[in-house]
Structures are given as C-alpha cells and as structure tokens.
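The values are calculated or read from the model by the stated rules, or taken from the named source; none is laboratory data. Just so it is clear, the model here is predicted, and its values are computed rather than measured. Cβ atoms come from the backbone with ideal geometry, glycine included; neighbour counts cover every protein chain shown.
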Amino acid sequence: MKEKLQKIKEEAMRQIQASEELSKLNDVRVAFLGKKGELTAVLKSMKDVLPEDRPAVGQLVNDTRAAIEEMLEDTKKKLEEAELNFRLKQEVIDVTLPAKRNRVGHRHPNTVALEEVERIFIGMGYEVVEGPEVEYDYYNFEALNIPPDHPAKDEQDTFYINNKILLRTQTSPVQVRTMETHPLPIRMIAPGRVFRSDEVDATHSPSFHQIEGMVIDKGITFADLKGTLAEFAKELFGAGSKVKFRPHHFPFTEPSAEMDVTCFKCGGKGCRFCKGSGWIEILGCGMIHPKVLKMSGIDPEEYSGFAFGVGLERIALLKYEIDDMRLLYENDSRFLAQF
Ligand code: DAH
C-alpha cells in the first residue's frame with residue numbers, strides 16, 4: 001500500500017511538473033484527486049485494509065493527498081504568475097516613446113487678409129454681402145456703364161459661358177445687385193473670387209480675389225470717400241500711413257481715382273519695395289456714376305455714393321512681403337507654414 005501511494009505521489013508530481021497550462025494542471029487534479037481519481041480509488045479501498053492498519057494507512061493517504069494538493073497549489077500560482085507576466089509584457093505601452101507631432105494647420109494668408117479687411121469695415125458699420133461668380137454680362141458690364149463695345153471690356157477679357165453669361169471679372173456687379181435688393185442707405189463690402197483670361201505671372205492669375213465696397217446715402221461726398229479709405233489704410237497698414245488719390249478713369253465712377261498708401265516698409269522715403277517712389281498703389285475708387293445709380297432705380301438727384309475695389313492678393317502680398325502671387329496658390333505647405 002505504501003509503495004502504491006508513493007508511486008501515485010511520484011506520478012502526480014511528474015505530471016504536475018509537466019503541466020505548462022492551468023487547464024492541464026486541472027486535468028491532473030481530476031485524474032488524481034477527482035471522484036474517479038487514483039487517490040480517491042485508494043481511499044475507497046480502505047475497507048479492505050485491516051482495521052488495526054487503518055489509522056496508519058489513512059494517515060499516509062492523507063499525507064499523500066496533502067502533498068499533491070500543495071504541489072498543485074504551488075504550480076498553479078507559478079503558472080498564474082507567468083501568465084500575468086506574459087500579458088503585462090504583451091500589453092506594455094512605452095510611455096517614453098515621443099508622441100507623434102500633431103500638425104495643426106492655419107488660415108491661408110488670403111483668408112487672414114480678408115478677415116482683417118472685414119473686421120475694419122464691420123467696425124465702421126458695413127455689411128458683408130456676396131454675389132455669384134458666374135454672372136450676367138448685364139451686371140458685370142452693362143449696368144456698370146460699360147456698353148458692349150466699350151474698350152474696358154478688352155482689359156477685362158474673361159471666360160464666357162454663353163453670350164449673356166460669364167465668369168465675373170470684378171466684384172463690382174455686386175454693387176448693382178445690392179442696389180437692386182437692399183433698402184437705402186447702403187454700406188456694404190463684397191469680397192469674392194473674380195476671373196480674367198490673363199496669363200499667369202508674378203502679379204497675374206486667371207483667378208484672384210477682390211473686395212468691393214459701396215456706400216449710398218443722402219449727401220455722400222468725395223470727402224466721405226477720402227476719410228473712409230484713409231481710415232481703412234491706417235487700420236490695415238499702421239497709424240502712420242498716409243494716402244493720396246490720383247485721378248483715374250472707371251466707367252462706373254465719376255470722378256474716379258486710384259489710391260496710394262505710403263510705403264509701410266520705408267515710411268515713404270523710397271525703397272526696393274515701393275520701387276523708390278515711397279507710395280504703393282492699393283485700390284480703385286470713385287463717386288458712383290449717376291447713370292449707374294439711375295440704371296438700378298436710385299435717383300441720383302436725391303442720393304449719392306462712393307465705391308471702391310481692392311485686390312485681396314495685393315493686400316496679402318504687401319502684408320507678408322511676398323513677391324510672387326503664384327506662391328499663394330501653389331499650396332506648398334513649406335511656404336504657407338511661414339505665415
Ligand atoms: N472693379 C475695378 C477693377 O476691377 C476696381 C474698382 C474701381 C472698383 C473703382 C470700384 C471702383 O468700386 O469705384 O479694376
């Protein structure tokens with residue numbers, strides 16, 4: 001009996017040691033200690049043992065059982081620990097690894113310039129309105145006092161959809177649309193994309209942006225135009241900026257002018273930036289032609305107004321001292337990231 005128990009114990013130990021998984025270990029437990037297990041079978045055969053031998057044999061069986069259980073328990077702990085360590089290793093997160101840099105973009109220089117212009121005019125009580133990029137010839141030319149055979153149409157050659165519809169060459173048609181739909185008085189700016197069939201170079205693009213401005217009320221004079229645009233220049237280019245107006249011609253304004261700003265780079269002394277003149281041309285403007293007012297149903301005897309048009313890219317280029325307009329459209333992030 002003793003030998004049998006010793007054998008069972010040895011065999012159990014061997015199988016426990018060979019168990020590499022918890023489930024195997026459990027199989028071993030069942031095989032030896034379970035209801036139909038080997039040790040249990042020995043226990044059942046106690047009835048065949050002589051009564052006087054029973055205590056000793058019983059003690060032996062119990063010892064064997066205890067030894068196997070202890071071994072099972074120890075091995076279980078070891079296997080559980082190993083399994084935990086394995087999982088910890090597998091699921092480890094290396095917090096010392098440098099994080100991937102989160103690259104956040106920013107507004108395009110054009111957008112920054114536009115928002116700046118909008119801020120200035122909204123501050124002066126202007127409304128921001130928009131008009132279509134695909135426009136009627138009527139709004140783009142005729143209603144602005146540019147009849148079909150006018151030479152100004154040559155300078156603003158564009159892309160025609162058909163005889164009557166084209167891609168607008170300027171934001172000025174929004175003046176007409178606003179006059180037709182808005183109650184008086186009017187104070188608006190109209191930013192947007194315009195098109196011309198120009199060759200691409202450092203200062204030209206077939207598609208660029210303008211910001212139109214228009215004020216119509218009773219008693220508006222050229223003094224209002226000058227005061228407003230001088231204030232605009234100061235806000236945009238700095239308090240020291242001065243402006244000057246040169247006579248010019250636009251079919252839809254009378255009188256018309258171009259406005260120059262003192263070069264913000266050299267303060268007016270003359271430098272490479274302003275080509276030595278000390279001044280930088282910035283926009284076209286004028287008093288709205290009485291014919292234009294009349295065509296849109298406004299009585300020029302009662303109302304008068306001024307208008308202006310400024311190139312958005314021009315402002316962005318000046319503000320950021322960029323010398324080639326193409327850079328604004330190439331969307332090279334190495335370039336754009338600088339602003
Ligand atoms: N639309 C003109 C252009 O594209 C710019 C312009 C000049 C707009 C005078 C105006 C203005 O409103 O009064 O060249």
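Annotation: of all residues in the stretch 129-187 being among the hydroxyl-bearing types (Ser, Thr, Tyr) and touching a Lys or Arg at 6+ places or on another chain (Cβ under 7 Å), the one that is farthest from the ligand (Cβ to nearest atom) is Tyr136.
Report, by residue number, each residue of the stretch 223-248 that is modelled with pLDDT of 95 or more and either among the small types (Gly, Ala, Ser) or within 30 Å of Pro148 (Cβ to Cβ) (or both). The answer is Ala223, Leu225, Gly227, Ala230, Ala233, Arg246, Pro247, His248. Residues in the stretch 245-268 that are more than 16 Å from the ligand (Cβ to nearest atom) and surrounded by fewer than 20 Cβ atoms within 10 Å (Cβ to Cβ): 5 in all. Restricting the stretch 201-244 to residues that are outside any strand (DSSP E or B), within 16 Å of the ligand (Cβ to nearest atom) and among the charged types (D, E, K, R), the residue that is farthest from Pro185 (Cα to Cα) is Lys226. When the residues of the stretch 296-317 are filtered to those that are more than 15 Å from the ligand (Cβ to nearest atom) and part of a helix (DSSP H, G or I), the one that is farthest from His182 (Cα to Cα) is Leu317. Pairs meeting the criteria (first residue in the stretch 10-32 and under 11 Å from Leu72 (Cβ atoms), second residue among the aliphatic types (A, V, I, L, M) and exposed (fewer than 15 other Cβ atoms within 10 Å of the Cβ), beta carbons under 9 Å, at least 6 apart or on different chains) are Ala12/Ala67; Met13/Ala67; Val28/Ala18. Checking the stated criteria, Met259 turns out not to satisfy the condition of being in contact (Cβ under 8 Å) with a residue 40 or more places away in the chain and under 20 Å from Asn145 (Cα atoms).
Cβ separations smaller than 8 Å between residues 6+ apart or across chains give the following pairs from the stretch 145-165 residues that are on the phi > 0 side of the Ramachandran plot to residues that are among the aromatic types (Phe, Trp, Tyr) and in a loop (DSSP other than H, G, I, E, B): Asn145/Phe252. The residues of the stretch 144-172 that are of a type outside the set (A, V, I, L, M) and within 16 Å of Ser207 (Cβ to Cβ), listed by number, are Gln156, Asp157, Thr158, Phe159, Tyr160, Arg168, Thr169, Gln170, Thr171.
Suppose the filter is more than 16 Å from the ligand (Cβ to nearest atom), surrounded by 15 or more Cβ atoms within 10 Å (Cβ to Cβ), free of Cβ contacts under 8 Å to residues at least 40 places away in the same chain and not small (Gly, Ala, Ser); does Cys271 pass it? Spelling it out, it is not the case that Cys271 is more than 16 Å from the ligand (Cβ to nearest atom), surrounded by 15 or more Cβ atoms within 10 Å (Cβ to Cβ), free of Cβ contacts under 8 Å to residues at least 40 places away in the same chain and not small (Gly, Ala, Ser). Based on what the data block shows, is His289 within 16 Å of the ligand (Cβ to nearest atom), at pLDDT 95 or above, in contact with a strand residue (DSSP E or B) (Cβ under 8 Å, 6 or more places away or on another chain) and more than 18 Å from Asp224 (Cβ to Cβ)? No: the conditions fail for His289.
One residue stands out in the stretch 113-122 among those that are farther than 17 Å from Thr178 by Cβ and free of Cβ contacts under 8 Å to residues at least 24 places away in the same chain: the one that is surrounded by the most Cβ atoms within 10 Å (Cβ to Cβ), namely Glu115.
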